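The values are calculated or read from the model by the stated rules, or taken from the named source; none is laboratory data. Given the structure is predicted, the values throughout are model-derived calculations rather than measurements. No Cβ is skipped: glycine too gets one built from the backbone with ideal geometry, and neighbour counts run over all protein chains shown. Note: areas computed on protein heavy atoms with side chains; ligands, DNA, RNA excluded. Shrake-Rupley method; radii C 1.70, N 1.55, O 1.52, S 1.80 Å.
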Amino acid sequence: MNETTAHAQSQIVAQTHTGQQHPIRLYLFVWGLLFVLSAFSYMVDYFGIQGYLRWTLILIFMMLKAGLIVAIFMHMAWERLALVYAILLPPLLVLVFVALMVSEADYTIFTRLAFFGAAP
């Protein structure tokens, strides 16, 4: 009787740890979206959009594509919240620190131009 119970428990554990199987339709749909977003990104150059609008559109399309890749192909959409934070939070913090450094650099160059009066 003890062997039967152990065998039944091992079957239950094996059934619960088989992993997730996502439909191929989801991956094909995401590939299609990535293709469309890439086409939009190239159309920005094709139509000759210039200035801040160009870079804003390109960055938006890049972020959307990166988000789809991370969420679907890296399976972040189905992971635990702690694992998502462990993987996505450090790069986000690096971006925040880069933004702070850019702000500090602008302040430094402004201060040098104001007090020394010479171009860098």
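Numbers below:
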item	result
Residue that is modelled with pLDDT of 85 or more, of a type outside the set (Phe, Trp, Tyr) and within 20 Å of the chain's Cα centre (by Cα), where the choices are Leu53, Leu26	Leu26
Answer from Val70, Val102 - the residue that is open to solvent by less than 70 Å² (accessible area, probe 1.4 Å) and either at pLDDT 95 or above or out of contact with any His (no Cβ under 7 Å at 6 or more places or on another chain) (or both)	Val70
